[in-house]
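The values are calculated or read from the model by the stated rules, or taken from the named source; none is laboratory data. Every value quoted in this text rests on a predicted model; they were computed, and no experiment measured them. Cβ sites come from the backbone with ideal geometry, for glycine too, and all protein chains shown count toward neighbours.
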Amino acid sequence: MKFLHLLSTEASHSITLHCLNDPPYGTTDSFSTTGSVPQENATLRFRGWNKQMFEKDTVLEPHVLQDECKIQDGSWHQSRFFFHTQDSRQLPIVDIQEFPTSQSNSERHIEISPVCFL
């Protein structure tokens with residue numbers, strides 16, 4: 001990994017959260033500056049390779065490409081997050097923090113894409 005970091009000037013990474021009847025905490029409502037009522041103390045935080053945190057209202061705020069996890073209709077939905085940085089040492093994402101406790105009738109899984117080093 002160190003070799004890739006040394007040879008690269010930027011990197012990108014995407015993470016997809018698949019959810020079934022999962023509350024919308026930490027998705028668009030928590031990241032959007034124009035979103036509806038924010039959820040209290042429920043913002044997803046992503047820790048990068050060099051231990052820096054990607055979170056709402058910071059320089060390292062992830063881009064929310066899609067947010068359907070707020071739809072709770074008994075079907076699977078997804079929220080997609082995209083990370084791009086010109087400091088390649090910040091990626092890949094190695095940890096996701098502040099996940100809310102799942103409800104008994106909900107499920108979720110995470111799909112992590114490969115990192116693109118440029």
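Details
- Subset of the stretch 69-111 that is among the acidic types (Asp, Glu) and touching a Lys or Arg at 6+ places or on another chain (Cβ under 7 Å) - its residue that is surrounded by the most Cβ atoms within 10 Å (Cβ to Cβ): Glu98
- Counting only strands (runs of 3 or more DSSP E) wholly contained in the stretch 1-84, the ones carrying 2 or more residues that are at pLDDT 85 or above and of a type in the set (Ser, Thr, Tyr) occupy 11-20.
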